[in-house]
Structure formats: structure tokens, C-alpha cells
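First up is the structure itself, then whatever we jot down about it.
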């Protein structure tokens, strides 16, 4: 287990009540001015006491406990008693919610005076992290983890399941600038029928459909063969309901009213590079008498690997899943399918970091979709 021995608690000298008031005030200020605080990677509230090591420009080092305010894949902010210079190097110990710790490196980007000797310190991570490893899944009600995406470049087939017609109308309006083929239904039976009649890339679903939670529909869709992202849209705040959705394998949860830009960002990531299951992905290898037979053998081999991958995922065999992903990562680009190598790399990187199929689920789903699209000829 990683550990630092603190010589001082740098945000500990204020009472819990004082600390809460300051953090609440900062959150309220951000909420009042969202444009000023817009980030490419959305930060989620993350109030925790963490061990921290600070490497000062003069060569000295401070080891202390700090209290964080938020967390994203790109960085964090915390309260600190004292001033820290820009580009000062820091290390934090993040505690995994399933056990274990990770030392994460970063640099100070800003230091904002609050009151007395206390400052808010912003840190940009230089270590890649997966925020969901550390956050309570019920607090992750935000899809926006990626860069902004132009709506006109988003295409694919999305199934929207919501019992409220007004919510279906609103989503259709918000997705109008995209090239998404949107299927809107109001019941679980209609959703399963739509899934059976047409390939679907992504599902957006209300937290409750009829009198049953979204987790029930998600399980039915997985049994029917759907492997794409399944995101929950909800105004629900009941912890047990939210936890059921994440436990069932929901790719993300987005609170209502949702931020349309963040929704676009998530859809752009899930549907990137023409991710539609029905669109062929053709090799970029130069045409020659030997190319077609070579690609036919490769595509046939990928089909076999797909079956092995699905069997391993169903059996929760992380080791075999990684082996298959690594094989696709190492061969895809060589056969003219660079996007296959990149998506497989994303899956391998996530598995290496988390050793969790659930955390790598979105990447694995995209990998399966991409494998299905491989084609010898357009």
C-alpha cells in the first residue's frame, strides 16, 4: 500500500464546518458562472482527505494531508494552508473505492487565495487516471469526460427509451444538429422490439421504465446481444436506484436536466470514427493481387477472436480479455485497420490500470462493434 507520512495537515486547521462552508461557496460560484469554469474534462465533486507530497521549487519537500474539492481525469483542486507556485510538482494518494491506492503525479496550475492563509490549489495530472476508480458511482452523474465535439460530425443509431413523451421530444430537439438516427420509444417491450429490428450503437434510457428500473432493461438487452454503451438519464437521486444501474453495468449516468454539450461529448466518443454497426470499415492497405486473400484471412481470424472475447467477458476472465485485446492492438494497424488498434489499445490501457471489466466496458463494447465492421472491400 502506498503511503506518505504527513508532517502537517495543511487543510486540517479549519473546522469541518468552516471547510464545508468554503467548499460550498466555491461550488456555488462555479454554478453561477458555468462559462468561466467550463472544462474539456468534467470535474465531479470529490471531498476527501488525501495524503500529499509537494516538491517546492527551492528543492524542499512537504508531506501533508489535504482536503480535495473535485476530481476529473485531468486534475483536481484542494484546500491548502499556504501559497504554492505555478508548475510546482505534487503527488497525491488516491484511494480506490474497491480497495487499493494509487500515487498520482501532477503540477500546480493556479493558487487562489481564499481567506487568511488558505488557498485553493488547482492541479493538472501528469499521470493518467480513471476517475470512476475513486468516486462513489452514485456521484458520477455526468457524461462529460471528453473534449467538445461538433454535433454535425456525430452519426450513428441511438435508441432513446423514456416513458415521458416530453422528454423524448426534448432529446430529439437537442440531437437535431447531429446526423444521429434517433429511435424513440416509451416502453421496455418497444425498446427490445426496436433492438431486434435494427442495429443500434447506443442506448439512452430513463432510470425507470414503467414500474421497473433501467437495470432490468439493460440486462434484457445484454441477453439479446446488445454490447453497445447504455447510458441512464435521470432526475432520480435515490442512492439505491442509482447504484443498481451502475452495478448492472450502465456506461454512464447523466442527471436531468442534463448539459447538452456534455451529452454531445459522450455521444461523440461512443459513436466516433463512424462507429455505426452497419457501416463497413475498409482496410487502407494498397490494392494488390495478394491483399484481398490476406485481408480475408485476417477478418476471418478477427471473427474468431470476437467470439473468444465475448466468451471471456461473459466469464469475467480478465486475463483472456486482455490477451485478445492485445492481439487486436498489435495486428489491426498492420492490416490497414488503424482504428481497431487504437480502440484495442484503449481497452488494454484501462484493463492494465483497473483490472476491471466493468471499468473497461465502454472500450470493450466499441472494440466489438469495430470488429463487426471490418470489411475486405467497400
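The values are calculated or read from the model by the stated rules, or taken from the named source; none is laboratory data. These numbers were taken from a predicted model, which means no experiment stands behind them. Backbone-built Cβ (ideal geometry, glycine too); neighbour counts: all protein chains shown.
Any idea which of (1) farther than 13 Å from residue 365 by Cα; (2) modelled with pLDDT under 75; (3) in contact with a strand residue (DSSP E or B) (Cβ under 6 Å, 6 or more places away or on another chain) is the one residue 254 doesn't satisfy?
Answer for residue 254: the failing condition is (2).
From the set of residues in region 341-378 that are touching a strand residue (DSSP E or B) at 6+ places or on another chain (Cβ under 7 Å) and not in a loop (DSSP other than H, G, I, E, B), which is nearest to residue 296 (Cα to Cα)?
Of everything passing the filter in region 341-378, 375 is nearest to residue 296 (Cα to Cα).
Since residue 277 meets every condition but one in (1) closer than 26 Å to residue 196 by Cα; (2) at pLDDT 85 or above; (3) touching a strand residue (DSSP E or B) at 6+ places or on another chain (Cβ under 9 Å), which condition does it not meet?
Every condition holds for residue 277 apart from (2).
Regarding residue 107, is this residue crowded, with 19+ Cβ neighbours inside 10 Å and modelled with pLDDT of 85 or more?
It is false that residue 107 is crowded, with 19+ Cβ neighbours inside 10 Å and modelled with pLDDT of 85 or more.
Taking into account only those residues within region 224-242 that are modelled with pLDDT under 65 and in contact with a helix residue (DSSP H, G or I) (Cβ under 8 Å, 6 or more places away or on another chain), which is nearest to residue 372 (Cα to Cα)?
Checking each candidate, the answer is 242.
Give the residues of region 159-188 that are surrounded by 18 or more Cβ atoms within 10 Å (Cβ to Cβ), at pLDDT below 95 and assigned to a strand (DSSP E or B), sorted by residue number.
Across region 159-188, the qualifying residue is only 180.
Somewhere in region 203-216, is a residue modelled with pLDDT under 90 and touching a strand residue (DSSP E or B) at 6+ places or on another chain (Cβ under 6 Å)?
Scanning region 203-216 turns up at least one residue that is modelled with pLDDT under 90 and touching a strand residue (DSSP E or B) at 6+ places or on another chain (Cβ under 6 Å).
When you go through 43, 13 one by one, which is the residue that is within 15 Å of residue 125 (Cβ to Cβ) and at pLDDT below 90?
One residue alone meets the criteria, 43.
Given the criteria out of contact with any helix residue (DSSP H, G or I) (no Cβ under 7 Å at 6 or more places or on another chain) and modelled with pLDDT of 80 or more, does residue 299 qualify?
Spelling it out, residue 299 is indeed out of contact with any helix residue (DSSP H, G or I) (no Cβ under 7 Å at 6 or more places or on another chain) and modelled with pLDDT of 80 or more.
Quick one: what pairs do we get from region 222-240, first residue outside the structural domain of residue 203 (by TED's automatic domain parsing), second at pLDDT 80 or above, C-beta under 9 Å, 6+ apart or different chains?
Filtered contacts from region 222-240: no entries.
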